[in-house]
1. Looking at the range 197-210, which of the residues that are open to solvent by 90 Å² or more (accessible area, probe 1.4 Å), part of a helix (DSSP H, G or I) and out of contact with any Lys or Arg (no Cβ under 9 Å at 6 or more places or on another chain) is nearest to residue 170 (Cα to Cα)?
2. Need the failing condition index for residue 75 against (1) at pLDDT 90 or above; (2) open to solvent by less than 30 Å² (accessible area, probe 1.4 Å); (3) more than 28 Å from residue 177 (Cα to Cα); (4) not β-branched (Val, Ile, Thr), just the number.
3. Residue 87: modelled with pLDDT of 95 or more, at negative phi, surrounded by fewer than 16 Cβ atoms within 10 Å (Cβ to Cβ) and of a type outside the set (Gly, Ala, Ser), yes or no?
4. Just the residues that are open to solvent by 40 Å² or more (accessible area, probe 1.4 Å) and modelled with pLDDT of 85 or more, please, taken from the range 137-153.
5. In the set 140, 170, 153, 146, which member is over 27 Å from residue 20 (Cα atoms) and among the hydroxyl-bearing types (Ser, Thr, Tyr)?
6. Every residue in the range 176-190 that is surrounded by 11 or more Cβ atoms within 10 Å (Cβ to Cβ), part of a helix (DSSP H, G or I) and among the charged types (D, E, K, R), please.
7. Does any residue in the range 188-201 that is more than 13 Å from residue 158 (Cβ to Cβ) come within less than 9 Å, Cβ to Cβ, of a residue that is hydroxyl-bearing (Ser, Thr, Tyr) six or more places away or on a different chain, and which pairs are these?
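The values are calculated or read from the model by the stated rules, or taken from the named source; none is laboratory data. Predicted model, so just to flag it, every value in this text is computed and none were measured. Cβ placement follows ideal geometry from the backbone for every residue including glycine, while neighbour counts extend to all protein chains displayed. Keep in mind that these areas ignore ligands, DNA and RNA; they rest on the heavy atoms of the full protein, side chains included. Shrake-Rupley method; radii C 1.70, N 1.55, O 1.52, S 1.80 Å.
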Amino acid sequence: KKQFLPDTSVRHKMNTISGTIRNLGPYIASEQEFIKEGNKKIIEQNLLNLSDLFKNLKEHPVINTQGLSLNQVVMTEQLQQTVTYFKAGKRSLARAKFTSALNLCVGCHAQSPGQDLAKLFADKDIDKMKISLFEKAELYFITRDYDKAMGLYDQFLSKVKKNDDDEFIYKALERELIYFVRIKKDFAAGKAQFDKYLKARLFNDKIADE
């Protein structure tokens, strides 16, 4: 009976997929970078490559034995829709669709008991990216590394000035609220976190009142 070895069969293909996703990291983290015209060519090429990789990824017995539950059909559809939106100029929608597809990737990694699977983005890779503190937090949050994301959101919010862009402040606060209410389910810790910001008078009156 033929033996299927993860390192020589599935892992090689999945490493190629992970590498392509990492190429898109700075654009996943920042909507501004994702929709920028100057980045169109490199993003589109990597999205096409990723779509082809999943389309040509055949189901392999080792995927089931590792409990990864890789759903090739769903991933391929999600990525093809991402490419379609991107080519049509609907880049914000394409980014939203792509981050949704990434959740499937992260879900597979999370479903592998006893397996030492690499994260989609290693800490060292994120550290090297020339992106803001907020964008690094977003990348961790999108890939469900919530504790690291919260640490960076807290750093970001602790450094804001009252004339900074409200959009990113609201988004960071929203992410923290989701974390404390839906993920950690610790309302007291969430209240303490927001009280800390209010006590420090970090935000303008509009944000503080809301």
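1. In this case the residue turns out to be 206.
2. The number of the failed condition is (1).
3. Here the answer is yes, as residue 87 does meet what is asked.
4. Looking only at the range 137-153, we keep the residues that are open to solvent by 40 Å² or more (accessible area, probe 1.4 Å), and these are 144, 146-148.
Once the filter is applied, which keeps residues that are open to solvent by 40 Å² or more (accessible area, probe 1.4 Å) and modelled with pLDDT of 85 or more, the range 137-153 yields 146, 147, 148.
5. 170
6. Taking the range 176-190 and keeping what is surrounded by 11 or more Cβ atoms within 10 Å (Cβ to Cβ), we get 176-181, 183-184, 186, 189-190.
From what is left, the residues that are part of a helix (DSSP H, G or I) are 176-181, 183, 189-190.
176, the sole residue that qualifies.
7. Listed by first residue and then by second, the contacts come to 190/179.
For every residue, the table says whether it meets (1) within 22 Å of residue 98 (Cα to Cα); (2) touching a Lys or Arg at 6+ places or on another chain (Cβ under 9 Å); (3) outside any loop (DSSP other than H, G, I, E, B).
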{"residue": "144", "(1), (2), (3)": "yes, no, no"}
{"residue": "162", "(1), (2), (3)": "no, yes, no"}
{"residue": "174", "(1), (2), (3)": "yes, no, yes"}
{"residue": "192", "(1), (2), (3)": "no, no, yes"}
